[in-house]
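Below: one structure, written as structure tokens.
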Amino acid sequence: MIPEPVAWMLLMLMACIVMGVPIAFSLILSTLPPLLMEPRFNEILLAQRIYKGLDSFVLLAVPFFLLAGNLMNACGVTDRLIRFADACVGHLRGGLAHVNVMVSMLFAGVSGSSTADTAGVGSVLIPAMKQKGFRASFAVSVTASSSVMGVIIPPSIILVVWGAVTNVSVARLFAGGILPGILIGVSQMGYVSWKSRRDGMQPRPKADFGARKSALYSASPAMLMPLIILGGVTFGIATPTEASIIAVAYALLLGAVVYRKLSFRMLLTELVSSSKLVALSLFCLGSAALFGWLLAYYGVPGALTEAASLAPNATTLLFSIALVCLILGMILDALVIAVIIGPLFMPAVLAAGIDPVHYGIVACIALSLGLITPPYGLCLLLASAIGGIEMHDALGDTMRIFLVTLTVLIAAILAPGLTTFLAALVI
């Protein structure tokens, strides 16, 4: 039986979403029923819960990772990564589509954001793919679908948030996301190969050793960033927050000294842009933390744990959680869902004997797919705008790649070692 205040909260949230109210305000407005119905609540208490939801040292990594990604993008890192990827896989059938996926894998290790990946890679490769004869819908689909790796391959902003709200080691989550992230990229490239062969596309000449060497030399400074971050966090040299600050310092060094493309005006522009994005993200996180606390206050986690005890095994429970995340990801932002869902299911997950890292990676993969599923589908929407087509025009190709990526999610559920093997090596 759902407590009456919780039922009103959910109804209010759905009503606000249907009316198009921004999600942060929707979450705040949905807390009005408990405030009016519960005499022990007041606006001061609710404001304190919002503040407490953001009062985390780990969450300081979010603005710095966002800034580092924006600085790297502004310094022309995307072009260098594209050149390197083209030298490596551009000779395969459907060369630019392979390049698109590979660049998304590389860029994910730089930005930590799927939307930054879509914007940075898509603005260059979608027009280029269209010029080479690819259908606009296919170019958009590949760009949006490959961008979901930004949520999984570390450093990932959503994994930082997940670790903060569930008290799970961010370093272990980073390590746990490596193999599934790479597997997503490989599976998508497999689909591109099959699709290109079926469409009769011909391979291009293979880049010679000199071209590959030059491309690697050009891109290697940028590709060192994820290695520095992962090495520092994994081996206990730096916390995720300290690693994010190092990432910003490294991005500044590359942009101003190595690449010499970062001017003071560009720096100010990226600072303003990052500040706006951070303010929006943290406002959503704070309101989601309040919403999640109210659910916990009314005993929803306990009810979920009791319901989970009816599941025949841990695998069934994980499939159920993944399904919930897939559905919620279609209508809400992944960060918001992570703040609410993460702590909500944690008691049931622990009771079932599931590794918290396994749970976190499975949930985040499921949430990442919401970035390409309407009506939310933020990455698909952004890529469609860049490609100059409507979102529904790209749905056919996107859903095929969605199914390919879904197989990786299923594999991650059935084979816990995919997420826990590297995580177990973290100091």
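Annotations
- One residue stands out in the stretch 1-14 among those that are of a type in the set (A, V, I, L, M, F, W, C) and in contact with a Leu (Cβ under 9 Å, 6 or more places away or on another chain): the one that is farthest from Ala288 (Cα to Cα), namely Ile2.
- Within the stretch 26-45, being open to solvent by 30 Å² or more (accessible area, probe 1.4 Å) and free of Cβ contacts under 8 Å to residues at least 12 places away in the same chain holds for Leu35, Leu36, Pro39, Arg40, Asn42, Glu43, Ile44, Leu45.
- Flag not set for Ile229, criterion: surrounded by fewer than 17 Cβ atoms within 10 Å (Cβ to Cβ), under 28 Å from the mean Cα position of the chain (by Cα) and within 22 Å of Ser56 (Cα to Cα).
- For the stretch 127-167, filtering for residues that are of a type in the set (A, V, I, L, M, F, W, C) and in contact with a Phe, Trp or Tyr (Cβ under 8 Å, 6 or more places away or on another chain) leaves 4.
- Selection status of Leu267, open to solvent by less than 70 Å² (accessible area, probe 1.4 Å), over 29 Å from Leu332 (Cα atoms) and not charged (D, E, K, R): yes
- Cβ-Cβ contacts under 7 Å between residues 6 or more apart (or on different chains), taken from a first residue in the stretch 97-119 that is at positive phi to a second residue that is surrounded by 24 or more Cβ atoms within 10 Å (Cβ to Cβ) and not in a helix (DSSP H, G or I), are listed as Gly112/Pro155; Gly112/Ser156.
- Checking each residue in the stretch 165-215 for being open to solvent by 50 Å² or more (accessible area, probe 1.4 Å) and either in contact with a His (Cβ under 7 Å, 6 or more places away or on another chain) or among the β-branched types (Val, Ile, Thr) (or both) picks out Ile182, Val186, Pro203, Arg204, Pro205, Lys206.
- Neighbours by Cβ (under 8 Å, 6+ apart or cross-chain): first from the stretch 122-144, over 10 Å from Ile386 (Cβ atoms); second open to solvent by less than 20 Å² (accessible area, probe 1.4 Å) and of a type in the set (Lys, Arg): Phe138/Lys195
- Taking residues in the stretch 157-171 that are touching a residue at least 40 places away in the same chain (Cβ under 8 Å), and partners anywhere that are of a type in the set (Ser, Thr, Tyr), the pairs with Cβ atoms closer than 6 Å and at least 6 places apart or on different chains are Ile157/Ser113; Ala164/Ser56; Ala171/Thr234.
- Enumeration of residues in the stretch 325-337 that are in a helix (DSSP H, G or I) and modelled with pLDDT under 90: Ile327, Leu328, Gly329, Ala334, Leu335, Val336, Ile337
- Residues (of a type in the set (Gly, Ala, Ser), closer than 30 Å to Pro127 by Cβ and at pLDDT 90 or above) located in the stretch 339-382: Ser368
- Any hit, the stretch 242-263, residues being crowded, with 16+ Cβ neighbours inside 10 Å and under 30 Å from Pro33 (Cα atoms): no
- Within the stretch 378-422, considering residues that are in a loop (DSSP other than H, G, I, E, B) and in contact (Cβ under 8 Å) with a residue 24 or more places away in the chain, the one most open to solvent (accessible area, probe 1.4 Å): Phe421
- Evaluating Pro39 against the criteria (1) part of a helix (DSSP H, G or I); (2) farther than 30 Å from Pro127 by Cβ; (3) not charged (D, E, K, R) leaves one unmet condition, (1).
The values are calculated or read from the model by the stated rules, or taken from the named source; none is laboratory data. All values reported here derive from a predicted model rather than from experimental measurement. Please note: Cβ atoms are built from the backbone with ideal geometry, for glycine as well, and neighbour counts cover all protein chains shown. To get the accessible areas, we keep the full protein, side chains included, count just its heavy atoms, and leave off ligands, DNA and RNA. Shrake-Rupley method; radii C 1.70, N 1.55, O 1.52, S 1.80 Å.
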